[in-house]
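Right, one structure below, let's go through it.
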DNA sequence: ATTAAATTTAACTAAAATCGTAAATTATTA
DNA sequence: TAATAATTTACGATTTTAGTTAAATTTAAT
């Protein structure tokens, strides 16, 4: 029988945070319940008090993770700053979260358990809608040219983190700072001439 | 019976390179022989033709790795460029190789098998001597002030990669490029005033 | 085309790792 | 102090992995 809901329980939280970092780094199958328990200084029996099995644990981690992501998105969306700054913060958010987990983790999420797969897909869908609405609103306000499908902007943001870590691009622009600058210039100005002195980093402070 | 020496064998090389990337990323115990074989498209029987067991494989990977490292060091040492440029290249080399493997891998190397542990320690020792000699020579030539123990320079170089990835330092200097610049300034000038326009990256080209 | 070598497939056993649970222990509260 | 809740220890059942072997298949060389 599973004890619910132990959100403020010390042992429970230790298990979740320990598991999160291990699973995000190595994926699901490489990490055993016993390892999580050891690193979290919690006995296995206590684990089974709070979780049915590993997939159940992963599910709860994912729920937390998605909730956090949505909350951070909404916080940026509702800030009282220029649209351009919001865009940058969203891209930084995407880059930061993309570095948290490995591809392996997402692959396993999709490859093994049906529940987890469905949860992840519906969460992705929900987030997509949220961000799409944000871009549609921005278009109505004239922040973007209206001929661009908002889904394409999402696609771009999704792929910036990929491009930032792409080995081929790394050989072309080795410095991460410069690489980010160039990617931003493409996003905001395409191949047209643009004000090359923009330091996108500087817009992020605060 | 183990077949020797199959350096130019395709399957052998596939096993070694596949294993290397898996082991460096996840450590030894998380990776199974069967996984290595699958990813390398080599059957288990062929694996046992070339290696006694996992530790034997790791040993051969380490040997290659150490040899490569020494070769790259010597190449830099013997280049016909200013000493300062050599220093920078060595630091870059250290940074690059440090990113290849995870701490987990080294920990397991020291924690489990006695042979591997000894091999790694003696290899480290040998490398230390090599680098120490380089610095002593540089001191004789007046490249460094003679009051600094060469071992301390090695210690510094060893720790630059650590500092580059240190979370606390990341919050202080978030941009990797800037962080590297500042670390280089400390190494070369200490807290004294220095020519702040030096772009260490630029010295690396070629 | 024939032979020899390299590789794979498919089984199998022993050992080790992992899961999940019942009973014992410790901490907490009434 | 007695009752209850939280946690651990210790253990059997299950699964995974390591390491071998025999026979079939592919590859390369003669």
**Study point:** Spin-label model distance (nm) - residue B:63 vs residue B:188, 7 Å beyond Cα toward Cβ
**Key:** 4.0
Review point. Rg to Rh for region B:103-144: what is it, with Cα atoms only and Rh by Kirkwood?
Key: 1.25
Check your understanding: For label points placed 7 Å from Cα toward Cβ, what is the shortest-first list of nm distances from residue A:145 to its copies?
Key -> 6.0
Point to revise | 0 to 90° range, to nearest 10: angle between helix A:114-140 axis and chain A longest Cα axis | key: 30
Review point. Quick one: if the Förster radius is 25 Å, what FRET efficiency do residue A:163 and residue B:169 give, using the C-beta to C-beta distance and rounding to 0.05?
Key: 0.45
Review point. Which of B:169, B:109, B:22 moves the most in a Gaussian network model of chain B with Cα springs under 10 Å?
Key: B:169
**Study point:** Cα gyration tensor shape for region A:56-99, rounded if a/c is under 1.5, else prolate or oblate
**Key:** oblate
Review point. Hey, for residue B:10 with labels 7 Å out along Cα-Cβ, what do the inter-copy distances come to in nm, ordered shortest first?
Key: 6.0
Study note, to complete from the structure: Given a Förster distance of 22 Å, the FRET efficiency implied by the Cβ-Cβ spacing of residue B:103 and residue A:55, rounded to the nearest 0.05, works out to 0.20
Revision key, fill the gap. Using the Cα gyration tensor of region A:10-50, the equivalent ellipsoid's semi-axes, largest first and to the nearest Å, work out to 16, 10, 8
Point to revise | Modelled FRET efficiency - R0 60 Å, residue A:34 with residue B:145, Cβ distances, 0.05 increments | key: 0.65
**Study point:** Folded to 0 to 90 degrees: helix A:10-26 orientation relative to chain A principal axis, Cα
**Key:** 60
Review point. Can you pull the mean other chain C-beta count within 10 Å for peptide A:28-37?
Key: 1
Point to revise | Separation of alpha-carbon centers, region B:147-177 and region A:163-186, rounded to whole Å | key: 24
Revision key, fill the gap. Inter-copy distances for residue A:48, nm, shortest first, label points 7 Å along Cα→Cβ, are 3.4
Check your understanding: How many angstrom separate the Cα center of region B:79-100 from the Cα center of region A:76-119?
Key -> 35
**Study point:** Alpha-carbon radius of gyration plus Dmax, which is the widest Cα pair, for chain B in Å
**Key:** 20.0, 64
Point to revise | Share of pairwise Cα separations in region A:36-137, more than 15 Å, in percent | key: 71
**Study point:** Whether the protein assembly as shown is rounded, prolate or oblate, judged on the alpha carbon gyration tensor where a/c under 1.5 counts as rounded
**Key:** oblate
Study note, to complete from the structure: Everything considered on the Cα gyration tensor (a ≥ b ≥ c; rounded for a/c under 1.5, else prolate if a/b is larger than b/c, else oblate), region B:73-191 must be described as oblate
Study note, to complete from the structure: Once normalised by the length of chain A, the mean sequence separation of its alpha carbon contacts under 8 Å that are 6 or more apart gives a contact order in percent of 20
Study note, to complete from the structure: Calculated from DSSP helices alone, with each H run of at least 4 adding -39500 (n - 2.57) and the total divided by the residues of chain A, [θ]222 nm to the nearest 500 comes to -23000 deg cm²/dmol
Practice item. May I ask for the angle, rounded to the nearest 10°, between helix B:54-77 and the longest principal axis of chain B, with both axes built from Cα atoms and the value confined to 0 to 90°? Key: 30
Review point. Roughly speaking, what is the stretch gain from residue A:95 to residue A:112, that is 0.36 nm per residue apart minus the C-alpha to C-alpha distance, in nm to one decimal?
Key: 3.5 nm
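Every number here is computed from the coordinates shown, using simple stated rules; none is lab data. What you see is a predicted model; the values in this text were computed from it and never measured. Backbone-built Cβ (ideal geometry, glycine too); neighbour counts: all protein chains shown.
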